[in-house]
Each structure stands twice: as structure tokens, then as C-alpha cells.
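Peer 1: Supplied in C-alpha cells, the structure appears directly below.
The values are calculated or read from the model by the stated rules, or taken from the named source; none is laboratory data. These numbers come from a predicted model, not from an experiment. A quick note on method: Cβ atoms are made from the backbone with ideal geometry, for glycine too, and the neighbour counts reach across all protein chains shown. We work out accessible area using only protein heavy atoms, side chains counted, and drop any ligands, DNA or RNA first. Shrake-Rupley method; radii C 1.70, N 1.55, O 1.52, S 1.80 Å.
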Amino acid sequence: MKHFPIFLAVEGRRIVLSGGGDAAMAKLRLLMKTEAHLTVIAADIAGDIHKWADQGKLRIIARAMEPGDALCAALFYAANEDDAEDARVSAIAHAEGALVNIVDNLADSQFITPAIVDRDPVTVAIGTEGAAPVLARAIKADLEERLPTSLGVLARIGKTFRHAVDILPMGRKRRDFWTSFYFGTGPKALADNGEFGVIPALETLLDTHVMTTAKEGTVDLVGAGPGDPELLTLKARNALDKADVVIHDRLVTGEILELARREAIIIDAGKEGFGKSMAQSDIDALIVSHALDGRHVVRLKAGDPTVFGRLDEEIEAIEAHDIPYRIIPGITAASAAVANIGQSLTKRGRNSAVRLITGHDTKGYADHDWKALAAPGEVAAIYMGKKSARFIQGRLLMHGADPATPVTIIENVSRADQQIIATTLAELEPTLSKADLKGPAITFYGLAPRDAAAQARQLKEFA
Ligand code: SAH
């Protein structure tokens, strides 16, 4: 950008133009739109310019320019259509401190005059740095067509009404009000009742906006279940049906995303364990920013959002902005997996408690009460346990767990490619490594599939 566009305050300031012919008139037509004091200096001056002088629009000095003529001028135009004369008068104006423009001489000009679309007080200035005047004219014509002439009138009236609109809270509510005014109520009132109709229309519009609260954003923190769409709750489905934005985890299946409202924006905030991914703080910010824009955000998490879902961090971010939210529970991987091996998470006489544990947390392998877990009859569902299997196996055996304790790994729970691997604590590794699972997997410590035949089959396959 060789020329920096600005809007210069010229009200009450001097603009001096040297020249009295066609080039001078063209510039003067533009300059007369301003509230500057115009002075035209030339020995030979066209009739139209005299007429404008008679109308009080400018002042004439009917002689060639002399030193002192451009004193205190903000801008100076050399429009003599004579290179030598333009150079002479420009040198004077320059010495007297004015910014100088020489008509049709870009190289020696200190500023250029853009093509202007005038909807005062809305002014659009178009410049091409002299490269493509045709383009500037085409853009100008296009904008002239697009911006109704009433825009200027509306902007002027709107300006007088700005204070009254302070009653609306800043931001979206005020923006909504002005958008309705400029693109709906305003033009209509002007067309129906002329300028006098605009203020009453503004008042009515403001009343309506004060009464109606703008659409408030909300967040649903929704459990998507383990993958089978039929394992979604009805509440989760309804939320997806109404969502403006769906921000989902890597583990949420395409089939479930299909159920989101067709117009919804779908955002993958997928995270790989240990790997690089969207930072939690970025996800929090994403949820909040969409909600603050008045959207219904569905934060869709695999399984149940309250189980290893970093739910609390998201809630804190949402609460910090006073955004209303709901938590919609889902079927956690352990519930779906245990059903698919025909077992219960708790069983009278076997285990009266079940632990949901994670193989690793943000710091690495997670430590647990291994001694308690090693006792007979204990059951634990291990999430995110693929990489940490050898670590968990070692800890449990070290704390005296029976090597024959059943262990069942279920990959891709509830999906078409679900796989059940039944083994024992002693065999957990290398069985798991050999299986080389690619999908999400949950490991049950202390549970074998009810179907013994299946167990035997799987054992053979992965031994
Ligand atoms: N909130 C989720 C858990 C998120 S932690 C829930 O309630 O299920 C991610 C871990 O969940 C995975 O590493 C895996 O151990 C388990 N998981 C999630 N979906 C699974 C699925 N369909 N099959 C097997 N394990 C799953």
C-alpha cells in the first residue's frame, strides 16, 4: 500500500485550487461536497466557477497564483492543465505547508483523490493507486447501485438516536437493533412516510428490542454413548435436533453426527491420548464463543460426559460467562461393554463395588489403590488402558492379585466391528499387544464373558 487511506477533517479549513478550466471544475464538483473554505486562483476562470462563487460556494482570486496564496491551506490542487504552471504553483503551495495534488500527475502528488460513493455521512473511498481507474469506476458504479440513496439520510437520523439506544446492552443486542433499522425498519419508514416517519419508527423498534430478549446461547454437554446411535438417549437426540453447533470428540461416530440438525456447524475437537490435538483450553474457548454468539451448542462426548470427559473444565469456562447449560448423561463404555459380555458391573456375593479407572492421566500412567484391587472378587473397568496394560498387570501381580483373574478386553463397543478378547491377568500382556487393536478399547479386570464358549474361542485366537 503506497497510499494510506484516511478521512481528513476539512470543516472550516482552506482548500486552494489553482486553475479555471475543465480539470478545475471536475475537482471543484467534488470539493464542494465538503465543508471546507474553497479558494480558486487563476487568470482565466470558466463561467460555471463564477456561478458557484456567486452562490457562495467558493471564493475567486482572478489572477495567476502568487506566494502567500496557499498559506494555512490544508490541501492544494494544481489543475491548470499546463505542466510548467502546475509545477510553479505546486512549489509555492508546498513551501507554504499544504499537501499538494497535481491533477493527472501521480508521481509529483503528495496525495490522490479517491473515487467516492457519497451517502453522507457514509462515504466510501475507492483507490487503485493510479493503477486501474477503470476498475475504481466500476467498483464505484457497483456500490452506487447497491447502497440505497436513503442510507445517508438514515445514518444521519440514526446518529441522533445513538444515545437512546444505550438502553440496550452492548454487543449483540445493539447490533441486532441497528441491523433491523438500516436494513428493514429504516428504509421502510422512509419510503412510507418520508424523513419525518423515521424517528417514530426508531422509537417503536427500540421498544420492541427492549422488550424481547435476544436469543440467548446455551450449551448442552451431551453423552453420545459408545457408538451405536440406538444407545443415544432421547434427550441427546432432541439436543442434536436443535443444535446450531456440534463440537465433538474423536470417538463420536459418523452415524451419530448424521443425526445433528442439517444446518448445524459440526466441529471436530478430536483429541488423541498423549498426542497433539486441540488443547482443552481451545475447546473451552470454542464452546464459549459460539454460545456467546447466541447459538445452541451441543458439546458431544463419547460415552458419558461425566466419565473421564474433562467435563468440569468445560463447565467452569461456561459458568465463568454465565451461560446456561445442561448435562445430558450417556451410556458409558463400561455399561455398554459389560452388557455385551453378558455380565453385571456389580454382583451380589462377588463385588459390591466397581471401580472405573483410567490407564493413564495427563501426567502419564495413573496410580491406583493396587492392593485393594488385588483382593479376590474385585472388578474394575479400565479406560484408556491399552498402552498401560503391562504397567497395570505388573502392579496388580506385585500386590498379590491371582494371575488367573479373568480379564476381558472389548474393542469398539457397540459398533459393527466390536471385538471381545477374553484372557487372564497373567496373559493380559502379550495378548493385548498381539491383538494390535486400532479402535477404542475398555478392559474389565475381574470379569469374564458369560459365554464360556466365546471365551474359549477368543482365547485360542489370541493365544
Ligand atoms: N466418556 C467416555 C470415556 C472417555 S475416555 C465414556 O464414558 O465412555 C476414552 C476411553 O473410553 C477410551 O480410551 C476407551 O477406553 C473408552 N471407550 C470409549 N468409547 C469406547 C468404545 N466404543 N469402545 C471401547 N472403549 C471405549
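Peer 1: Taking the stretch 216-321, how many lysine pairs are there with alpha carbons less than 24 Å apart, if each pair must be eight or more places apart or span two chains?
Peer 2: Numbers: Lys235/Lys301; Lys242/Lys301; Lys271/Lys301; Lys276/Lys301.
Within the stretch 216-321, the lysine pair count is 4.
Peer 1: Going highest first, how would you order 73-79, 141-147, 310-316, 423-429 by mean Cβ packing within 10 Å? Can you show the working numbers first?
Peer 2: Details: 73-79: 25.9, 141-147: 12.1, 310-316: 14.7, 423-429: 19.1.
So the peptides 73-79, 141-147, 310-316, 423-429, ranked by packing, come out 73-79, 423-429, 310-316, 141-147.
Peer 1: Under a point-charge model restricted to the Cβ atoms of Lys and Arg (+1) and Asp and Glu (-1), what is the dipole moment magnitude of the stretch 2-135 relative to its Cα centre, in debye to the nearest 20?
Peer 2: On the way: 12 positive and 19 negative charges, 96 e Å.
Magnitude of the dipole: close to 460 debye.
Peer 1: Could you tell me the calculated FRET efficiency between Ala141 and Leu30, based on Cβ-Cβ distance and R0 = 22 angstrom, to the nearest 0.05? Don't jump to the answer; show the numbers that get you there.
Peer 2: Working: r = 16 Å, r/R0 = 0.75.
Plugging the Cβ-Cβ distance into 1/(1 + (r/R0)^6) gives 0.85.
Peer 1: Counting only protein heavy atoms and using a 1.4 Å probe, what share of the accessible area of the stretch 336-419 belongs to carbon plus sulfur, as a whole percent? Walk me through the intermediate numbers first.
Peer 2: Details: 2260 of 4260 Å².
Here it works out to 53 percent.
Peer 1: Let me ask you something else. Which semi-axes, in whole Å and largest first, does the equivalent ellipsoid of the stretch 251-315 have when worked out from the alpha carbon gyration tensor as the square roots of 5 times its eigenvalues? If you can, show how the numbers build up before the last one.
Peer 2: Details: eigenvalues 69, 53, 28 Å².
In descending order, the three semi-axes are 19, 16, 12 Å.
Peer 1: OK, next. How many angstrom lie between the Cα centre of the stretch 264-338 and the Cα centre of the stretch 369-395?
Peer 2: If you average the Cα positions of each part, the centres end up 28 Å apart.
Peer 1: Another question about this same structure. Gain in length, Thr233 to Asp268, computed as 0.36 nm per residue apart minus the alpha-carbon separation, to one decimal in nm?
Peer 2: 10.5 nm
Peer 1: Under a Cβ-only charge scheme (Lys and Arg +1, Asp and Glu -1), can you give me the dipole magnitude of the stretch 257-355 about the Cα centre, in debye to the nearest 20? Numbers along the way, then the final one.
Peer 2: Details: 13 positive and 14 negative charges, 160 e Å.
For this selection, approximately 760 debye.
Peer 1: Let me ask something else about it. Ignoring ligands, DNA and RNA, what accessible area per residue does the chain give at 1.4 Å, in Å²? It would help to have the intermediate numbers written out before the result.
Peer 2: On the way: 24750 Å² over 463 residues.
Dividing the accessible area of the chain by its residue count gives 53 Å².
Peer 1: While we're here: If r is the Cβ-Cβ distance from Arg250 to Lys363 and R0 is 30 Å, what FRET efficiency results, to the nearest 0.05?
Peer 2: On the way: r = 21 Å, r/R0 = 0.70.
Using R0 = 30 Å, I get an efficiency of 0.90.
Peer 1: Using a Förster distance of 45 angstrom, determine the FRET efficiency expected from the C-beta separation of Leu99 and Glu319, and round it to 0.05. Walk me through the intermediate numbers first.
Peer 2: Details: r = 55 Å, r/R0 = 1.22.
Working from the Cβ atoms, E equals 0.25.
Peer 1: Dipole of the stretch 301-425 (Lys/Arg Cβ +1, Asp/Glu Cβ -1, origin at the Cα centre): which of Pro305, Val413, Thr423 lies farthest to the positive side?
Peer 2: Selected residue: Thr423.
Peer 1: Compute the convex hull volume of the Cα atoms of the stretch 284-331, divide it by the residue count, and report the result per residue in Å³ as a whole number. Walk me through the intermediate numbers first.
Peer 2: Working: hull volume 3.2 nm³, N = 48.
Once divided by residue count, the hull of the stretch 284-331 is 67 Å³.
Peer 1: Related question: Considering the dipole of the chain built from charges on the beta carbon (Lys and Arg +1, Asp and Glu -1) around the Cα centre, which of His290, Ala131, Ala191 is farthest to its positive end?
Peer 2: Most positive-ward Cα: His290.
Peer 1: For Phe4, Phe391, Phe196, what's the largest-to-smallest order of accessible area, 1.4 Å probe?
Peer 2: Working: Phe4 160, Phe391 45, Phe196 190 Å².
Listed by decreasing accessible area, they come as Phe196, Phe4, Phe391.
Peer 1: Set Lys and Arg Cβ to +1 and Asp and Glu Cβ to -1, take the dipole of the stretch 229-297 about its Cα centre, and tell me which of Ile247, Ala269, Ala236 lies farthest positive.
Peer 2: Of Ile247, Ala269, Ala236, it is Ala236.
Peer 1: For the chain, how big is Rg over Rh, using alpha carbon atoms and the Kirkwood form of Rh? Numbers along the way, then the final one.
Peer 2: Details: Rg = 37.8 Å, Rh = 29.3 Å.
Here the Rg-to-Rh quotient is 1.29.
Peer 1: Evaluate the charge dipole of the chain about its Cα centre and quote only its size in Debye, nearest 20, assuming +1 on the Cβ of each Lys and Arg and -1 on the Cβ of each Asp and Glu. If you can, show how the numbers build up before the last one.
Peer 2: Values: 53 positive and 62 negative charges, 371 e Å.
So the dipole magnitude of the chain works out to roughly 1780 debye.
Peer 1: If you roll a 1.4 angstrom probe over the protein chains with everything in place, what fraction of the accessible area of the stretch 1-144 belongs to carbon and sulfur, to the nearest %? Walk me through the numbers on the way to the answer.
Peer 2: Numbers: 4450 of 8020 Å².
That share works out to 55 percent.
Peer 1: Further, regarding this structure: Arrange the peptides 359-365, 43-49, 224-230 so that the one whose residues have, on average, the most other Cβ atoms within 10 Å appears first. Walk me through the numbers on the way to the answer.
Peer 2: Numbers: 359-365: 12.9, 43-49: 14.9, 224-230: 22.0.
The packing order, highest mean first, is 224-230, 43-49, 359-365.
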